[in-house]
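Written below as structure tokens is the structure these notes are about.
The values are calculated or read from the model by the stated rules, or taken from the named source; none is laboratory data. It should be emphasised that the depicted structure is a prediction, and the values quoted were computed from it without experimental measurement. Every residue, glycine among them, receives a Cβ derived from its backbone with ideal geometry; neighbour counts consider all protein chains shown.
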Amino acid sequence: MARKDKVRKERTPSRLATWWAGRSEQGRASFRRGVTAFLLTVVFGGAAVAGLVMLEKRVLRRQAAEAPRQVRVSLVGSPSWMPPTLQWRIVESVRPRGVNFAHADLTKEVHALAEANPWIRKVRAVRKRLDKNPQVGLIEIEAEYRRPVAMVLLRDEINYAYVDDEGIRLPTEQVPKYAAEVADRTGHKRWVYYVSQEEIPPYIQASRIHYINIQLYFDRDGDPPAPGRKWQCPALAEGIRLVKLIATRPYAWEVTTVDARNFNARISRSEPDLRMWAQVGQGPRTDIRFGRFPNASGDWVVSPERKMSYLDEFVGDHGRLAGVREYIDLRYDTGYESIN
């Protein structure tokens, strides 16, 4: 049998082989160097990224391990009228649960909690820093605080609600209710304040803080809001306005009540819109008929400053406000008072 010759098929060179064959020796060497540099970049770049990730985890673990184990919250520049127990209540309300001092959003969280506290009017700043003891981290809060200026006897005629000068209701059980003037070793005197009688040391003679009671007509004015909320009550707003006006006078402690029940003459047009009652102890009361404040656009009503000048003159003549006369009427161009 005749042997069939096997025909070999010639292979067509690939594009890469053709390209490589056409390169000079110098070009081939340059290409090899480029490929080597690329591979080294990929290898070392990947290693660097992995190293950075591991380093970041290690730093975070070290920071968590070295973070202060104790976190203390401080109210920087808290007012002198604020008792330590009230400061403690505020601090506890703004301390986040599970405090992690190294957490990046810690100050933001404290800021939000502080703004929600009924006693804080405005948060100025929240900072964190290490104490002298590196195991203690400090969170410092600078803020403006709400101070109670008056109280309102509630519908049950037993309990009181306390409000600030904007009508914001404050937590009754946290309101400072006692004060005493004490002297330090140098003889310097200062006032200290307490929330309850149990806090007062036995060697200190403290007196109850004088809050003027604002009387409201609850069938028209409604019940008080929750602590931290504004009492939307025009009669209360006018009562607070009068309390702030009388509070600047040295005889303010004699004024026990601001009666706002007849606000806008809603009970009787023949009676004053606002009146005050002055009384010392169980002595006789004096009815001080204030009337109303002028409208913002201006009207014929006697100005508040002139009305207060009548009381200033009365106290200057008699030495006190309560019990001298049955009534003092401030609604006219000349102050009127009863004969007795």
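Some points to look at:
- Candidates A150, A179, A161, A125 - the one that is out of contact with any helix residue (DSSP H, G or I) (no Cβ under 6 Å at 6 or more places or on another chain), farther than 23 Å from G77 by Cβ and among the small types (G, A, S): A161
- Test: residue in region 296-305 that is within 27 Å of Y160 (Cβ to Cβ), surrounded by 16 or more Cβ atoms within 10 Å (Cβ to Cβ) and out of contact with any strand residue (DSSP E or B) (no Cβ under 6 Å at 6 or more places or on another chain): yes
- Among residues of region 272-288 that are farther than 21 Å from E238 by Cα and of a type in the set (F, W, Y), none has a Cβ under 8 angstrom from a residue that is surrounded by fewer than 16 Cβ atoms within 10 Å (Cβ to Cβ) and at pLDDT below 95 at a sequence gap of 6+ or on a separate chain.
- Within region 131-157, being assigned to a loop (DSSP other than H, G, I, E, B) and either in contact (Cβ under 8 Å) with a residue 24 or more places away in the chain or farther than 27 Å from I168 by Cα (or both) holds for D131, K132, N133, P134, Q135, R146, R147, P148, V149, L154, R155.
- Answer residue from region 65-116, given it is in a helix (DSSP H, G or I) and more than 25 Å from R229 (Cα to Cα) and is modelled with the highest pLDDT among those: L106
- Matching residues in region 310-331 - criterion: being surrounded by 14 or more Cβ atoms within 10 Å (Cβ to Cβ) and free of Cβ contacts under 8 Å to residues at least 40 places away in the same chain: Y310, F314, V324, R325
- Scan of region 223-234 for residues that are closer than 24 Å to I90 by Cβ, buried (at least 16 other Cβ atoms within 10 Å of the Cβ) and hydrophobic (A, V, I, L, M, F, W, C), ordered by number: W231
- Within region 235-254, being surrounded by fewer than 20 Cβ atoms within 10 Å (Cβ to Cβ), farther than 16 Å from N295 by Cα and of a type outside the set (A, V, I, L, M, F, W, C) holds for K244, T248, R249, P250, Y251.
- Given (1) modelled with pLDDT under 95; (2) more than 30 Å from E92 (Cα to Cα); (3) not in a helix (DSSP H, G or I), index of the condition R220 fails: (3)
- Among residues of region 192-206, those that are in contact with a strand residue (DSSP E or B) (Cβ under 7 Å, 6 or more places away or on another chain) and either assigned by TED's automatic domain parsing to the domain that holds I267 or assigned to a helix (DSSP H, G or I) (or both), counted: 1
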